[in-house]
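Scroll down for the structure; my scribbles are underneath it.
The values are calculated or read from the model by the stated rules, or taken from the named source; none is laboratory data. For clarity, every value in this text was computed on a predicted model and none was experimentally measured. Glycine gets a Cβ as well: all are built from the backbone with ideal geometry, and neighbour counts include every protein chain shown. In case anyone asks, the SASA skips ligands and DNA or RNA and just uses the protein heavy atoms, side chains included. Shrake-Rupley method; radii C 1.70, N 1.55, O 1.52, S 1.80 Å.
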Amino acid sequence: MIRCKITPVRGERPEAAGGRRRRQPGAWLVAVLAAGLVTGCAAGAASPHPAAAAGRPASGIAARPGSQVRVPRPDYARPVSVAAAFYVAWASTDAVHDQPGTYLARCAPLVTAALERQLAASQPAPAAWQAMRRARLVSLVRVQAVTQPDGAPAPAPDVVYLRVYATRVTTTAAGRQVASDGITVQLTRSGSRWLVSAVLFY
């Protein structure tokens, strides 16, 4: 269970409000971002999930056989739970076992239709995905805390802003790195569910 707390993960500093930068430890992840994976992990060409949020299943986050990415089952009534599950789905990459489309399949049940379209439009270049696969890149995040960001609007009945703090472990054929990571997200209530509607990068 994710516990809300105020103390951030050591070494993680929230970026300036309105910024568009996201910390990515490791030379390979930096290279991947430079190649165009601006969403933080490999995006897919199409989603197997319905476009309408109401049509998405409440459970069964996509996982390929053998994939090391394990998305926790979200409690859609709790924004903290959805934010934590989304960050694992969005920020993790297993280029050894996954396909480019696996990323979007994992994220789709956790996001609004508008954000799903944005994620689908952020396609990785085939060469970038193949480079990650050749390097045997696996980059996994473990959520440590979910808090309300400093300076964010107060929670409203239909909109909540949350900051996710995590530890990232990245392994490639060249070695292993561990670092702090995190993101701020906006969540919107859709019927009885909370879904991530924006990734804010600060």
Filter result for the condition that a residue is in a helix (DSSP H, G or I), in contact (Cβ under 8 Å) with a residue 40 or more places away in the chain and not aromatic (Phe, Trp, Tyr), over Ala179, Ala108: Ala108
Single residue of Leu115, Leu110, Leu137 found to be closer than 21 Å to Val96 by Cα and open to solvent by less than 30 Å² (accessible area, probe 1.4 Å): Leu137
Condition check for Val80: under 14 Å from the mean Cα position of the chain (by Cα) and either more than 22 Å from Arg193 (Cα to Cα) or in a helix (DSSP H, G or I) (or both): yes
Matching residues, the stretch 73-92, being in contact with a helix residue (DSSP H, G or I) (Cβ under 7 Å, 6 or more places away or on another chain) and either modelled with pLDDT under 95 or aliphatic (A, V, I, L, M) (or both): Val82, Ala85, Ala89, Trp90
Where Pro153 falls short, out of the listed (1) closer than 21 Å to Val199 by Cα; (2) touching a residue at least 12 places away in the same chain (Cβ under 8 Å): (2)
Enumeration of residues in the stretch 140-156 that are in a strand (DSSP E or B) and open to solvent by less than 30 Å² (accessible area, probe 1.4 Å): Val141, Val143, Ala145, Val146, Thr147
Search result, residues across the stretch 89-101 that are in contact with a strand residue (DSSP E or B) (Cβ under 8 Å, 6 or more places away or on another chain) and either basic (Lys, Arg) or surrounded by 22 or more Cβ atoms within 10 Å (Cβ to Cβ) (or both): Trp90, Ala91, Ser92, Thr93, Asp94, Ala95
Residue within the stretch 121-130 that is without any contact (Cβ under 8 Å) to a residue 24 or more places away in the chain, under 21 Å from Ala174 (Cα atoms) and either open to solvent by 30 Å² or more (accessible area, probe 1.4 Å) or not aliphatic (A, V, I, L, M) (or both) present: yes
Check on Gln186, closer than 19 Å to Leu115 by Cβ, polar (S, T, N, Q) and open to solvent by 30 Å² or more (accessible area, probe 1.4 Å): yes
Residue in the stretch 174-182 that is within 13 Å of the chain's Cα centre (by Cα) and either β-branched (Val, Ile, Thr) or closer than 21 Å to Leu110 by Cα (or both) present: yes
